[in-house]
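A.B. asks: Take this structure, written in structure tokens, and hold onto it; I'll ask about it next.
No value in this document is a laboratory result; all are computed from the given coordinates. Just so you know, these numbers come straight off a predicted model, no measurement behind them. Every residue, glycine as well, gets a Cβ built from its backbone with ideal geometry; the counts of neighbours run over all protein chains shown.
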Amino acid sequence: MSYKCSRCKRDVTLDEYGGVRCPYCGHRVLLKERSRDVKEVDVK
Amino acid sequence: MDLRVIEKEETMLSIEIAGEDHTFMNVLKGALLETDGVTAATYDMNPEQSGGQTDPVLTVKTDVDVNALDALEAGADRVMEKADDFDAAFDAAA
Amino acid sequence: MTQDYEVEFVERSDREARFLVRGISPAFANGIRRAMIADVPTFSVDTVRVIENSSVMFDEQIGLRLGLVPLTTDLDDFEVGDEVTLSIDVSGPETAYSGDLVSSDSLVGPADDNIPIIDLKDGQRLEVEADAVLDRGREHAKHQGGVAVGYRHLQRVEVVGDKGEFEDDETHILRGVIEEQAAEHVDGDADDGDLVLTEEFDSDLTKRYPGKELEVHDVENAFVFHAETDGSLSVEELTLRAVDSIRSRADELRDAVQL
């Protein structure tokens, strides 16, 4: 799962063992980035 | 255009016209009332408040010597004639 | 028996017009009005593919706004259900406007270029592909070509006498179009038979016929249509297509009856 650290703004990849923490600066607030998929929306 | 005959006699016709609304039905009714031999013409959009059924039901009554189905055809012809004449008048002005 | 219609334009521009039709029944007039609103199809965006949207609005909100942009529609070349793809790609700081939409077909494109879609701040970007489909106003209001369509009776003002000396000079408000019948009582240029928009005299009859006792009558079977389109087609096209849609339904009915 890819996230972005809210303090140092670096991309962070989390595995299931590391817990929620930025490996670069230790900050515990991570932001989920929008997926790069193309999203189709029906405007009806 | 799907038609379903509900009742038919020589001088009386009751017919359901699927997919139409007031836009066409009222014009048709108006044209029928102007047609020779038609004594009564009306339509009902929601017969008997029937469960969700809202296709209009047209009822036409005619003089003894006029067939109701022919009258309906004449009514449709008249609507087309109105449309053509409006087109011509509008084009002349535009 | 043929119908004797007479059409006369009172006011006319690209998107708005007023025209008088004489000899038309209320039923037919209303049929045309309803068809102009709900039955003449126009293009409108109805599916969007969001490639990037880092703006402050949700994809659905952007989609809704794109759907409401009027698109020029040429009904000779398309039929209901046809699709045309448009795309938009704007990077902030910049406002994305309807004019930024690029169409794959030169016949279909935004009728106005200055409708804001979203204000993008520095670093934000909007890249979207949108499919426009040709459909009718009765499916969704965004497909309506006629935005404001209505009609009023043509009116005739009759001068029946003079007002009493001590009578109140209250305003007599009238809207629509009048057919001049009492030109001799009007200051300035006026001839009987003129079609006069009431706005020309501030919609106040006492300004046109000061000190007169008046009666206003509707002229039977004479209706003044006032139509405004969203720019996807002209008023003339809208009106003729509306009449044509009624005609084709009558044609269909006749064919069905003959079977």
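A.B. asks: In units of 2.2 N^0.38 Å, what is the alpha-carbon radius of gyration of region C:77-176?
C.D. replies: 1.97
A.B. asks: Could you give the angle, 0 to 90 degrees to the nearest 10, between helix C:235-258's Cα long axis and the longest principal axis of the Cα atoms of chain C?
C.D. replies: In chain C, helix C:235-258 runs at an angle near 90 degrees to the longest axis.
A.B. asks: With no solvent and one equal point scatterer placed on each C-alpha of region B:1-47, evaluate the Debye formula and give log10 I(q)/I(0) for q = 0.13, 0.23, 0.27 Å⁻¹, two decimals.
C.D. replies: Reported log10 I(q)/I(0), two decimals: -0.30, -0.96, -1.22.
A.B. asks: Still on this structure: Which whole number gives the average count of other chain Cβ atoms within 10 Å of the Cβ atoms across peptide C:145-157?
C.D. replies: 0
A.B. asks: Provide a whole-number value for the mean count of partner chain Cβ atoms within 10 Å of the Cβ atoms in peptide C:236-248.
C.D. replies: Partner Cβ neighbours, averaged per residue: 4.
A.B. asks: Let me ask something else. Which three lengths, in whole Å and largest first, does region C:134-192 cover when its Cα atoms are put on their principal axes?
C.D. replies: Here the spans come out as 61, 27, 18 Å, largest first.
A.B. asks: Another one. What percent does the relative contact order of chain C come to when contacts are Cα pairs within less than 8 Å and at least six residues apart?
C.D. replies: About 27 percent, as a whole number.
A.B. asks: Pick out, in residue order, every one of the GluC sites (Glu not before Pro) in chain A that is DSSP loop and has at most 13 other C-beta atoms within 10 Å; say none if there are none.
C.D. replies: Filter output for chain A: A:E16, A:E33.
A.B. asks: Principal axis extents for chain A, Cα atoms only, whole Å, descending order, please.
C.D. replies: Sorted from largest, the Cα extents of chain A read 45, 22, 13 Å.
A.B. asks: Counting each pair of different Cα atoms once, what's the Kirkwood radius of chain C in Å, rounded to one decimal?
C.D. replies: Answer for chain C: a Kirkwood hydrodynamic radius of 21.5 Å.
A.B. asks: Here's something else I'd like to know. Three principal axis extents, largest first, for the C-alpha atoms of the protein assembly as shown, in Å?
C.D. replies: Its Cα atoms span 93, 66, 40 Å along the three principal axes.
A.B. asks: To make sure I understand, if each residue's beta carbon is the centre and we count other beta carbons within 10 Å, what order do A:K4, A:K32 fall in, fewest to most?
C.D. replies: Lowest count first: A:K32, A:K4.
A.B. asks: Angle check, please: helix B:22-33 long axis (alpha carbons) against the longest principal axis of chain B (alpha carbons), in degrees 0 to 90, nearest 10.
C.D. replies: Tilt of helix B:22-33: around 90 degrees.
A.B. asks: Counting only other chains, and only Cβ atoms inside 10 Å, what mean value do you get across the residues of C:25-35?
C.D. replies: Per residue, the number of nearby Cβ atoms from other chains is 6 on average.
A.B. asks: Here's another thing I want to ask about it. Tell me which chymotrypsin sites (Phe, Trp or Tyr not before Pro) from region B:14-94 have a DSSP coil assignment and no more than 12 other beta carbons within 10 Å of their own.
C.D. replies: Counting only loop positions with at most 12 other Cβ atoms within 10 Å, none of the chymotrypsin sites (Phe, Trp or Tyr not before Pro) in region B:14-94 qualifies.
A.B. asks: Report ³J(HN,Hα) in whole Hz for each residue of region B:81-89, in order, from the Karplus equation J = 6.51 cos²θ - 1.76 cosθ + 1.60 where θ = phi - 60°; Gly and Pro get x.
C.D. replies: Calculated HN-Hα couplings, in order: 5, 4, 4, 5, 5, 5, 3, 4, 5 Hz.
A.B. asks: Further question: Springs between alpha-carbon atoms under 10 Å, Gaussian network over chain C: tell me which of C:F43, C:F225, C:F28 tops the mean-square fluctuations.
C.D. replies: Result: C:F28 has the largest fluctuation of those listed.
A.B. asks: Ok, one more. Given C-alpha coordinates of region C:43-136, what is the ratio Rg to Rh with the Kirkwood estimate of Rh?
C.D. replies: A ratio of 0.98.
A.B. asks: Report ³J(HN,Hα) in whole Hz for each residue of region B:38-46, in order, from the Karplus equation J = 6.51 cos²θ - 1.76 cosθ + 1.60 where θ = phi - 60°; Gly and Pro get x.
C.D. replies: Going residue by residue, I get 8, 9, 8, 8, 7, 9, 10, 7, 9 Hz, with x marking Gly and Pro.
A.B. asks: Here is a follow-up. Chain B: percent of C-alpha pairs farther apart than 16 Å?
C.D. replies: Roughly 57 percent, once rounded to a whole number.
A.B. asks: Which trypsin sites (Lys or Arg not before Pro) from region C:109-209 combine a DSSP loop assignment with at most 14 other Cβ atoms within 10 Å?
C.D. replies: Passing sites in region C:109-209 are C:K121, C:R175.
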